[in-house]
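Presented below is the structure to which this report refers.
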Amino acid sequence: MISSEGSKRQCALELEALPSRIQQVRRIVAAQLRYWRLDPLTDPTLLGITELLGNVHRHARPDKRCSVELSFASGWLTVAVSDNDPRLPRVREFEPLATCGRGLAMVVSMSDSWGTETLNDGGKVVWFTLRAEAPVSPRAMTEQVSAAVVRKVAPRTLPVLPETPEAWPPVLDRLVPAAAEPVLV
C-alpha cells in the first residue's frame, strides 16, 4: 500500500521474512525512496531493514510473517518492522570480530532514534528514524551536477608537436616508427 496524505507519505508491505523475500523488499524500498527523492537515505534504510527482517527470520515465533512500514513526514523517515513474536529484542554486547548478534546494534548506531513497542495482538514493532534533507528536484539536481562538472573538470588540450620528427621529444621516438609522417592537427 502506498499513500500520500498531505505532506505525509506512507508505504507498507506484508511478507514472510525469508531470504528471497528480504531481497525483494530491499528493491521495493529502494525504488520507493527514489520516488520520494530520498536517495541519500537508501543505504542506511536498507541496512536497517535487512537487519530487522533478518532478526524476524532468525528469531520470530510462531511464524515469520511480518510487515514493513515506511512513513515520511516533516523531514523524518520512520521505518517500522512488526511481527507476531511478543519478545522484544535487546541490544547485545558483542566481540569486535563477531559475525552475529550485531544487527540491532548497527540499527541503533546508524539511526537518529529507534525503539520497540508491544502490540495489542501479542506481537511487537521495532522502528528507527532517519533525518532527511529536503528533497532536491530533478532539475535542481541536474543543475548542481552540471555546475560541479564545470568547476572541477578543466578542458583537455592536445600538445602541439613540432612539424618535423627530428624536433619531437625523445619519448615519441619509441612510440612512433621512424618512417611515420607526423600528424598535424
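The values are calculated or read from the model by the stated rules, or taken from the named source; none is laboratory data. Just so we're clear, the structure is a prediction, and the values are computed from it rather than from any experiment. Cβ atoms come from the backbone with ideal geometry, glycine included; neighbour counts cover every protein chain shown.
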- Task: Considering only residues that are of a type in the set (A, V, I, L, M) and either within 13 Å of residue 87 (Cα to Cα) or more than 20 Å from the chain's Cα centre (by Cα) (or both), look in region 103-128 and name the one that is surrounded by the most Cβ atoms within 10 Å (Cβ to Cβ).
- Result: 126
- Whichever residue in region 44-82 is surrounded by 18 or more Cβ atoms within 10 Å (Cβ to Cβ) and among the charged types (D, E, K, R) and, among such residues, is farthest from residue 28 (Cα to Cα): 64
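Going by the structure shown, is residue 108 at pLDDT 90 or above and either over 17 Å from residue 29 (Cβ atoms) or assigned to a loop (DSSP other than H, G, I, E, B) (or both)? Working first, answer last.
On the way: at pLDDT 90 or above: yes; either over 17 Å from residue 29 (Cβ atoms) or assigned to a loop (DSSP other than H, G, I, E, B) (or both): yes.
For residue 108, the condition - at pLDDT 90 or above and either over 17 Å from residue 29 (Cβ atoms) or assigned to a loop (DSSP other than H, G, I, E, B) (or both) - is met.
Just to confirm my filter: which strands (runs of 3 or more DSSP E) fall fully inside region 1-105 and include at least 2 residues that are among the β-branched types (Val, Ile, Thr)?
On the way: elements: 2-5, 8-16, 65-73, 76-83.
Answer list for region 1-105: 76-83.
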